[in-house]
Amino acid sequence: MVKHQQTVYVSGALCGLSEVQHPGCDHADYPWDTVPKVVEKIFKSQLWHDQRQKQFRMHHTRTDREKLEVYDFMAPIIADGDMGFGGLTTTVKLAKSFVEAGVAMIHLDDLAIGLKKFTVGEGRTVVPTSEYLSRLSAVRMQFDVMGTNTLLMCRCDTDRSQFITSTIDPRDHEYIIGATKDIESLVESIAKGMTEGKSYMQARDEWKSRGGLMTFDEAVREKATDEQYQEYASKATAFGTSVNQKRRIAKAILGDEPFFDWDLPRSKEGQYMWRPSVKAIVERAVLAAPFGDMTWARMDAPVWKDIVEFHTEVRKVYPNRLFAFGFTGMYDYEKAGFSPEQIRSFSDDMAKLGIVWQVQPIWAVSGLNITAEKFAKEWQKDGIVGYLETISKPSRVPPIVDGFHKPSYAGSYLADAFFAAVAGQEITP
Ligand SMILES: C[C@](O)(C(=O)O)[C@H](CC(=O)O)C(=O)O
């Protein structure tokens, strides 16, 4: 029988929506200490519930206690560290705050801060591999300085990322897209197109259709004979080969290098276009693994073959690696080709790949809204009877749901115990 360890997950998206003065949409644009403060609130609440349950139980004989519930409130708290909130000193302070708040594990990702465009399909921008590893190193250093056994989960958001902030790390060059047609830049074309009445998306897509967008290796493939490309591939496609090295090798083999300009497709914010692939995620995850205890390849859609490929490839390098997976809110299982049976067995199937921690991170948005909506409608329709029938009575049927009606829930016995202690006399019947 597999024992499932329950955990508490503190979502950055939800904290950025509900734990701040100025709500936002999953941009990590909230104060960096927001999530640590929520962790601290939850951890102290766990301790209090554990205390009031223990005090209530100790109010009974050993025999009677056998009949009382004994609930483990101290579920490990796992929290969203997003991308570390900018500079490395902030990432270090974030790590320190999380440890002091009582967190069991945090995850840190390779996203650029605040660049997601949710509606135009230009969603995710990653930072260079070197910057991602520096973030993880900052957290690892802080944990080690504190001598804590807090866990670090290395999260990669490279899947379906469309941009990268810099070309500084040659380990990313294989996936950076350039224009192979010597035309005006994307930014110039969009600006011109919009003055002519085109929408941003129309102007953008029109330019992309003219730009001959591809990676440098693909540009060489287009220009070379099979034999030439075979020689090129043997010399210029090893992991970490820079575009400048690729250019020299291509020129030596082909007599000339293909036109390739990765600045032309840059966005207004300066990001470079990026071609995501499972291979790119695997490379980052393998480099990141030594800094952390778990790995999470965050995926925008549940593509089963990608999930199998990613976890299989990483486990070729780290056979005992533990993985995480987040069922994000937008998953369309039917569109991803899942049968009803595959949806039902999805969790177990992933567990067989080493995905031992699985989370639906934003349940609380729809889940609580539905409950509140349902209760409000009952109240309007039947008055207090609605509350009694749909909330109060069902929650009193064993296993009783925590609520003020539960003897020890609200801590009434614990509170009165303080009076008794101070007064030197027992006041609780
Ligand atoms: C896990 C996550 O980082 C979160 O903030 O909860 C989000 C959740 C979501 O978008 O569904 C994420 O997966 O990026």
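The values are calculated or read from the model by the stated rules, or taken from the named source; none is laboratory data. These figures come from a predicted structure and were not determined experimentally. In this analysis, Cβ positions are derived from the backbone assuming ideal geometry, glycine residues included, and neighbour counts consider all displayed protein chains.
Among the residues of the stretch 17-34, is any in a helix (DSSP H, G or I) and either under 30 Å from Pro399 (Cα atoms) or polar (S, T, N, Q) (or both)?
First pass over the stretch 17-34, keeping only residues in a helix (DSSP H, G or I): 17-18, 34.
If we keep only those that are either under 30 Å from Pro399 (Cα atoms) or polar (S, T, N, Q) (or both) as well, we get 18, 34.
The answer is yes, given that some residue of the stretch 17-34 is in a helix (DSSP H, G or I) and either under 30 Å from Pro399 (Cα atoms) or polar (S, T, N, Q) (or both).
Looking at the stretch 70-78, can you tell me whether even one residue there is charged (D, E, K, R), modelled with pLDDT of 95 or more and more than 16 Å from the ligand (Cβ to nearest atom)?
To start, the set of residues in the stretch 70-78 that are charged (D, E, K, R) comprises 72.
This time we only want the ones that are modelled with pLDDT of 95 or more, so: none.
No - not one qualifying residue is present in the stretch 70-78.
Can you say whether Thr148 is assigned to a helix (DSSP H, G or I), within 30 Å of Gln51 (Cα to Cα) and more than 16 Å from the ligand (Cβ to nearest atom), as far as the supplied structure shows?
On the way: assigned to a helix (DSSP H, G or I): no; within 30 Å of Gln51 (Cα to Cα): yes; more than 16 Å from the ligand (Cβ to nearest atom): yes.
Taking the combined requirement at face value, the residue does not satisfy it.
Pick from the stretch 107-133 the residues that are among the β-branched types (Val, Ile, Thr) and in contact (Cβ under 8 Å) with a residue 40 or more places away in the chain: which of them is nearest to Pro76 (Cα to Cα)? Give the derivation first.
In the first step, residues of the stretch 107-133 are kept if they are among the β-branched types (Val, Ile, Thr); the result is 113, 119-120, 125-127, 129.
From the residues that got through so far, the ones that are in contact (Cβ under 8 Å) with a residue 40 or more places away in the chain too are 113, 120, 125-127, 129.
On the way: Ile113: 27, Val120: 37, Thr125: 31, Val126: 29, Val127: 30, Thr129: 30 Å.
This residue is Ile113.
For the condition within 13 Å of the ligand (Cβ to nearest atom) and modelled with pLDDT of 90 or more, what is the one hit in Gly326, Gly337? Please lay out each step first, then the result.
Working: Gly337 fails: within 13 Å of the ligand (Cβ to nearest atom).
Every option except Gly326 fails the conditions.
Do we find that Thr295 is within 16 Å of the ligand (Cβ to nearest atom), among the β-branched types (Val, Ile, Thr) and touching a Pro at 6+ places or on another chain (Cβ under 9 Å) in this structure? Steps first, answer last, please.
Numbers: within 16 Å of the ligand (Cβ to nearest atom): yes; among the β-branched types (Val, Ile, Thr): yes; touching a Pro at 6+ places or on another chain (Cβ under 9 Å): no.
Taking the combined requirement at face value, the residue does not satisfy it.
From the list Thr34, Thr7, pick out the single residue that is within 15 Å of the ligand (Cβ to nearest atom) and either under 23 Å from Val70 (Cα atoms) or in contact with a Leu (Cβ under 6 Å, 6 or more places away or on another chain) (or both). Full working, then the answer.
Details: Thr34 fails: either under 23 Å from Val70 (Cα atoms) or in contact with a Leu (Cβ under 6 Å, 6 or more places away or on another chain) (or both).
After applying the criteria, what remains is Thr7.
Yes or no: Gly211 closer than 27 Å to Thr129 by Cβ and crowded, with 19+ Cβ neighbours inside 10 Å?
Working: closer than 27 Å to Thr129 by Cβ: yes; crowded, with 19+ Cβ neighbours inside 10 Å: yes.
So Gly211 fits the description; yes.
If you scan the stretch 67-80, which residues turn out to be without any contact (Cβ under 8 Å) to a residue 60 or more places away in the chain and within 15 Å of Thr34 (Cβ to Cβ)?
Answer for the stretch 67-80, where residues must be without any contact (Cβ under 8 Å) to a residue 60 or more places away in the chain and within 15 Å of Thr34 (Cβ to Cβ): there is none.
From the list Thr295, Thr312, exactly one residue is exposed (fewer than 15 other Cβ atoms within 10 Å of the Cβ) and β-branched (Val, Ile, Thr). Which is it?
Values: Thr295 fails: exposed (fewer than 15 other Cβ atoms within 10 Å of the Cβ).
Within the list Thr295, Thr312, the selection yields Thr312.
Yes or no, residue by residue, for (1) part of a helix (DSSP H, G or I); (2) surrounded by fewer than 12 Cβ atoms within 10 Å (Cβ to Cβ); (3) not acidic (Asp, Glu):
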residue: Glu341; (1), (2), (3): yes, yes, no
residue: Leu353; (1), (2), (3): no, no, yes
residue: Asn369; (1), (2), (3): yes, yes, yes
residue: Lys377; (1), (2), (3): yes, no, yes
residue: Gln380; (1), (2), (3): yes, yes, yes
residue: Glu389; (1), (2), (3): yes, no, no
residue: Pro398; (1), (2), (3): no, yes, yes
residue: Asp402; (1), (2), (3): no, no, no
residue: Tyr413; (1), (2), (3): yes, no, yes
